[in-house]
1. Assess whether Lys186 counts as being part of a helix (DSSP H, G or I), closer than 16 Å to Met116 by Cβ and not small (Gly, Ala, Ser).
2. Residue check: is Phe94 free of Cβ contacts under 8 Å to residues at least 60 places away in the same chain, touching a helix residue (DSSP H, G or I) at 6+ places or on another chain (Cβ under 7 Å) and closer than 13 Å to Arg219 by Cβ?
3. Out of curiosity, is Val224 within 25 Å of Val83 (Cβ to Cβ) and buried (at least 17 other Cβ atoms within 10 Å of the Cβ)?
4. For the condition out of contact with any strand residue (DSSP E or B) (no Cβ under 9 Å at 6 or more places or on another chain), over 16 Å from Arg109 (Cα atoms) and small (Gly, Ala, Ser), what is the one hit in Ala126, Ala177, Ala207?
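Every number in this text was worked out from the coordinates using simple rules, so none of it is lab data. Small disclaimer: the values here were computed from a predicted structure and weren't measured. FYI the Cβ positions are ideal-geometry reconstructions off the backbone, even for glycines, and counts take in every protein chain you see.
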Amino acid sequence: MGNRKKREEEHENVDRWMVSYADFVTLLFCFFTAMYAISNVDTGKLGKFVKSMRTAFNASSVNSQAISVIEGVQPLIPADAEVESHMKEALGTFMVQSNGGIEVKRDKRGVVISVMDKFLFEAGYAKLREEARPLVDAIAAAVKNYPNVIRIEGHTDNIPINTSEFPSNWELSSQRAINVAKYFIKRHTMQPDMISTVGYAEYKPVASNNTPSGRAKNRRVDIVILNEVEGDREPK
């Protein structure tokens, strides 16, 4: 009788390894399912989620690196019609008052806020006018809600300039873009590594330089919410 009971107990112990094996297989399944889900993250939807979270917690100035928790995923907001609409809403009053001198549009670069130079600078100078501060404040407050790189582009007409401060339109257009960037950084604590500047002088016109009205349109600063990472930059 005792031998029979012992044999039954030994038989029951034989199959216990299958429980551990089943647990192991289940863990493997969960692991590879999670890996597959991560590999198929929709960066556009992730970017919109980041935008919503930043707005909900009023954290527009928080380093977005704390929000990007998945290494290698760039939380870019697609610079689409929604962003364009938001910019127009934020700058609507200034756009109406400018009578066409301030525009918001989209192109292959992203969403572009284009401001004629007379609303920002005195003729031939790169220092921001005091009267321009409310406009630049409104632009900064609107664009800093997005984790995208902001590129500030300076443009001039084709009339040469040759002063002690600006030997050519290259220097003038570049310094104007730099001064807007500095204002964004100092006044609105925007991240310097998320802003770039470029001076195009007269070589990216949007109108003919043969008329005064055309030249006025070409003298501008474009603030661009970029669609893509610029060069080797990665949003932090």
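1. Values: part of a helix (DSSP H, G or I): yes; closer than 16 Å to Met116 by Cβ: no; not small (Gly, Ala, Ser): yes.
No.
2. Working: free of Cβ contacts under 8 Å to residues at least 60 places away in the same chain: yes; touching a helix residue (DSSP H, G or I) at 6+ places or on another chain (Cβ under 7 Å): yes; closer than 13 Å to Arg219 by Cβ: no.
No, not satisfied.
3. Working: within 25 Å of Val83 (Cβ to Cβ): yes; buried (at least 17 other Cβ atoms within 10 Å of the Cβ): yes.
Taking the combined requirement at face value, the residue satisfies it.
4. Working: Ala126 fails: out of contact with any strand residue (DSSP E or B) (no Cβ under 9 Å at 6 or more places or on another chain); Ala177 fails: out of contact with any strand residue (DSSP E or B) (no Cβ under 9 Å at 6 or more places or on another chain).
Matching residue, one of Ala126, Ala177, Ala207: Ala207.
The rows are residues; the columns are (1) without any contact (Cβ under 8 Å) to a residue 12 or more places away in the chain; (2) buried (at least 18 other Cβ atoms within 10 Å of the Cβ); (3) under 26 Å from Thr211 (Cβ atoms); (4) touching a Phe, Trp or Tyr at 6+ places or on another chain (Cβ under 6 Å).
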| site | (1), (2), (3), (4) |
| --- | --- |
| Ala142 | no, yes, no, no |
| Pro160 | yes, no, yes, no |
| Ser174 | no, yes, yes, no |
| Ala177 | no, yes, yes, no |
| Val180 | no, yes, no, no |
